[in-house]
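Q: My questions will all concern the structure given below.
Bear in mind that the values in this text are calculations on the coordinates, not laboratory data. Keep in mind it's a predicted model, so treat the numbers as computed, not measured. Because the Cβ atoms are built from the backbone with ideal geometry, glycine has one as well, and the counts that use them run over all protein chains shown.
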Amino acid sequence: MPEKERLSPTETRAYDSFQRMTSMTTFGGGTIAYNYSQTANDGKIVSQTSGAETINYNYDSLGRLTQATTAGTDGWGNRLTQNAVKGAVPTMVTITDPATNRIQSHTYDQNGNTTNTPQQGAMTYDVMNRLKTVASDTYGYDPSNKRVWKNDELTFWGAGGERIGRYSATKLVDDTGTHVFVFQKVQVDEYFGGRRLTTQDRLGSVGSYYPYGEAKSGTVSNADSFATYYRDSTGLDYADQRHYAAGIGRFTTADPYQASAGRHDPASWNRFSYVQSDPFNFIDRSGQMMAAPGTKEGGGEGWAPSPITSPISGPSDPGSSDPDPGGGGGGGGSNQSAGVVSVGNVTKAGAQYDAVQMAFARTLAFLDADCEKFLNSGGLNVRDYVSDLFAYDLVAVGSAPSAIAAFTNIGGTDVPEGYAAMVFNSNSAFFNGGLSQVFKVNNGKITGGTAKAQTFIILHELAHALSASGFKNDLNNPQAGKENDNAIDKNCGKTFGNMK
Amino acid sequence: MTRTIWLALLITGLALGSENPNWIPSRIVSIDYPLLAIQSKTYGNVEIECVLRRDGTVENARVVSGSQLLGNFIVRGIREWKFMPNTIGPNPSAGLLSLYFEYKLGEGADGNPKSSFVYDYPNHFTISSKSLLRTH
């Protein structure tokens, strides 16, 4: 098997003699330069240059950002207005109650949780003051207050508090009434040197944002967004222990970590404000305490989980799966005959690959006993086979002529030796209903691209792979192909019935 | 469990290295060419290291190098094997043994390809089969 492509990101950072980051080149490309005051040794960034864009930052005597694209805070340190000095930037005006530190157009409960805003509508909280429902979203939390459920989406967190991945749950019900949950990965996070392997700037933002987090172009929805946060479709950012309203510059609930305020630090007395109104020099990864972006979370204070610091390990068994080409007894590569099918863009990642994986899970979930018996008639077990197929990473997606939906065995193709045992054609009726003229799923009885079409094609390939009784070799033999389809139709009817 | 074996190995001396030819198989159950390897045209050399008990049965085996798909298949099969008890020295001892497997894939066949299994003294095995042409 060829070695899987390894991750080798490079990120370059430059520092001055005060150990302040002066520039950063991310592995996604692009360099951002940060400039500091020549006269005040306060570590505050006075301007940043990214490509043709330069942003200047002004601060007041309490270190609060007064001008970049923003202007003005009240005595509590709440943002009051955002004015456009140049260009089209989002503007805002917030009126706060000087007696209560509450925004007048919002409503709050007794604990200070925001219960209604013009942007989000009604919000409800659980007994731990954690956001439970907002708009159409419902959330669930684990004991460390990490959000693990968002509607039907499950998030896994690692021991170091880092997000491992997000999975969506689909419930299927088979003919016996048994509920089967299928989890499909939405996103699996990878880390390098403790940082999530996405192109992030110095603050940990994915994309480009105004100082308080409004997206500079378009709308960020259900994606990693501003300063390590995850933006929901509600417009709120999930900030680990709280939710943040980027447009307002405030969290929706009070800071749950009491010790993040101190008598010596007036700006910390506002339990709702974001990083004490200095959003370009500081971030707040957990929604509990501001920190300089370069520091490890928690800063050794023992109150919050640290991101993992060890580099990610590569795929297991590096290199050893690569067969010695000289000792292989001459595989088919040397015998390129006229019948060799060229398969382009062979891959084991992406939306189409995920769809294939999902279709396999669905097929096994709905598989009826007769169909299973038919597939096992060659003396092998279909469930073991599929399990090995994925355990050894031998399913791929690639582009081939549309008349081929998928194929088993890579003999007679140019798929690299050892790479896959079953390949699904990205240009075929497996994914696309518009190709039904070119490839007729079950002799035209099933529309291409549907769940049933995918299951039909998978069952057909499995019958080949497992040498099911009576299943014929249909290479260059359309008649045999039709007879094979009829055999699937005859033996697996109940499977399709289950899929209603 | 394996610790005692390692200890025993250490005590009997490192002369019983992995190249020790004194472990002669007394029972070999042939190992096939895995179907998934044929379908994916996976071939090549695999080195397996076995930990043997004093009585010559296999305590454990692992893939040292080569394809995991082929290697894991061998490891599963090799537990059925037996070796002549090692009688060098005053007492039978446990030991470590390396076995070399060569998987060869010939030119395409259709239907159900048979695999052949050949043993060459002392520790080399060749398993051959034929690759399969694609089916749609």
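Q: Order by neighbour count: A:Ile457, B:Ile31, A:Ile488, fewest other Cβ atoms within 10 Å first, most last.
A: Lowest count first: B:Ile31, A:Ile488, A:Ile457.
Q: Using only the Cα atoms of the range A:376-429, build the gyration tensor, take square roots of its eigenvalues as a ≥ b ≥ c, and label the shape rounded, prolate or oblate: rounded if a/c is under 1.5, else prolate if a/b is larger than b/c, else oblate.
A: prolate
Q: Calculate, in nm to one decimal, what A:Ala169 and A:Asn477 gain on full extension: separation in residues at 0.36 nm each, minus their alpha carbon distance.
A: Contour length minus Cα-Cα distance gives 106.8 nm.
Q: Just check the range A:398-500 against the gyration tensor rule for me: Cα atoms, a ≥ b ≥ c as the square roots of the eigenvalues, rounded for a/c under 1.5, and otherwise prolate or oblate depending on whether a/b exceeds b/c.
A: Oblate shape, in that a/c is at least 1.5 and b/c is the bigger or equal ratio.
Q: Could you work out how far apart the two model spin labels at B:Ile24 and B:Asp55 are, taking each label as a point 7 Å from the Cα in the direction of the beta carbon, and quote it in nm?
A: Modelled inter-label distance: 2.1 nm.
Q: Let me ask another. Of all alpha-carbon pairs in the range A:133-186, indicate the percentage at a distance above 15 angstrom.
A: Every Cα pair in the range A:133-186 considered, those over 15 Å come to 57 percent.
Q: Rounded, prolate or oblate: which fits the range A:449-500 when a ≥ b ≥ c are the square roots of the eigenvalues of the alpha-carbon gyration tensor, with rounded for a/c under 1.5 and prolate only if a/b beats b/c? Please report the intermediate quantities before stating the final value.
A: Values: a/c = 2.00, a/b = 1.70, b/c = 1.18.
The shape class here is prolate.
Q: Another question, if that's okay. In nm, to one decimal, how far is the modelled label at A:Asp152 from the one at A:Met128, with both set 7 Å along Cα→Cβ?
A: Taking the two extended label points, one gets 2.6 nm.
Q: Using the Karplus curve 6.51 cos²θ - 1.76 cosθ + 1.60 with θ = phi - 60°, work out ³J(HN,Hα) for each residue of the range B:77-83 in order, rounded to whole Hz, and write x for Gly and Pro.
A: For the range B:77-83, the Karplus curve yields x, 6, 5, 7, 7, 9, 10 Hz.
Q: Let me ask something else about it. In Å, what is the Rg of the alpha-carbon atoms in the range A:119-220, and how long is Dmax?
A: Over the range A:119-220's Cα set, Rg and Dmax evaluate to 17.0, 55 Å.
Q: So what's the net charge close to A:Lys482: Lys and Arg +1, Asp and Glu -1, counting the other residues with Cβ under 14 Å from its Cβ?
A: After counting each charged neighbour, the total is 0.
Q: Something else: Tell me, A:Leu367, A:Leu172 in order of fewest to most beta-carbon neighbours within 10 Å?
A: Ranked by crowding around the Cβ, least crowded first: A:Leu172, A:Leu367.
Q: Which ordering of B:Thr57, A:Thr155, B:Thr42 is given by a fewest-first count of other beta-carbon atoms within 10 Å?
A: Listing B:Thr57, A:Thr155, B:Thr42 from fewest to most nearby Cβ atoms yields B:Thr57, A:Thr155, B:Thr42.
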